[in-house]
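This report concerns only the one structure given below.
The values are calculated or read from the model by the stated rules, or taken from the named source; none is laboratory data. All figures in this text were calculated on a predicted structure; none of them were measured in a lab. Cβ sites come from the backbone with ideal geometry, for glycine too, and all protein chains shown count toward neighbours. Ligands, DNA and RNA are excluded from the accessible area calculation, which covers all protein heavy atoms including side chains. Shrake-Rupley method; radii C 1.70, N 1.55, O 1.52, S 1.80 Å.
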Amino acid sequence: LGSRPTFYTAVGHDHDGLISRLNHCGVITENSVFRSSKYSTARYAALLDHRGDLVAAVSDMDCLQCIPVPPSAEDLVGVEYLVLDANAPADSLVRAAKNGVEAGAKVCFDPTSVPKASLLTKSSDFLSCLSYMFPNTDELYAMARALDDWVEPCGSETSLVEYASSCLLGNMREKACL
């Protein structure tokens, strides 16, 4: 797409060439990847039913608590989009989002799970930085319910999605999108 993305992440002692494969694809990892000798690289396995719905999941995500944050807004100057997912610690995500806004970037967020989505919704500092958010329906409901001004509506699922969306959009940046 003509961009050279920088990938902030943490990998374990068992990363098996992941970083070199990313570099080969043009992804910048210099000074943005923490290499842990203590943790394994994050893993996630999901068990889905015949409809594709999650039945159970097992994960080892301890390594992701070490994801580095862009140290300052200056490190993000010229970045058009800063894409965050909820796997990093909440305080790191808030700092990264603030740095992104200060640098003039559009901040995008993928909640990754219901518990993580509702946790980050409690941070008005974080929500106010977001330009785009990509929750699934369960994450959207959890996020909206975590807001202080949430009132459980009556009605169809469509009206619930619309109501939850409007509650969240009211807490995000001007012209934000879900």
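Annotations
- Only listed residue being assigned to a helix (DSSP H, G or I) and open to solvent by 20 Å² or more (accessible area, probe 1.4 Å), chosen from 118, 92: 118
- Residue match in the stretch 100-109 (condition: among the hydrophobic types (A, V, I, L, M, F, W, C), in a helix (DSSP H, G or I), at pLDDT 90 or above and open to solvent by less than 30 Å² (accessible area, probe 1.4 Å)): yes
- Odd one out for residue 173, checked against (1) at pLDDT 85 or above; (2) open to solvent by 20 Å² or more (accessible area, probe 1.4 Å); (3) of a type in the set (D, E, K, R): (1)
- Residue match in the stretch 76-84 (condition: hydroxyl-bearing (Ser, Thr, Tyr), open to solvent by 30 Å² or more (accessible area, probe 1.4 Å) and on the phi > 0 side of the Ramachandran plot): no
- Here residue 8 meets each of (1) under 21 Å from residue 127 (Cβ atoms); (2) surrounded by fewer than 18 Cβ atoms within 10 Å (Cβ to Cβ); (3) touching a helix residue (DSSP H, G or I) at 6+ places or on another chain (Cβ under 9 Å) with one exception, condition (2).
- Pick from the stretch 26-45, criterion assigned to a strand (DSSP E or B) and open to solvent by 40 Å² or more (accessible area, probe 1.4 Å), ranking: farthest from residue 75 (Cα to Cα): 45
- Condition met for residue 74 (among the acidic types (Asp, Glu) and modelled with pLDDT under 85): no
- Among residues that are open to solvent by 30 Å² or more (accessible area, probe 1.4 Å) and in contact with a Gly (Cβ under 7 Å, 6 or more places away or on another chain), residue 59 is not included.
- With respect to the conditions (1) open to solvent by 60 Å² or more (accessible area, probe 1.4 Å); (2) assigned to a loop (DSSP other than H, G, I, E, B), residue 68 falls short on a single one, namely (1).
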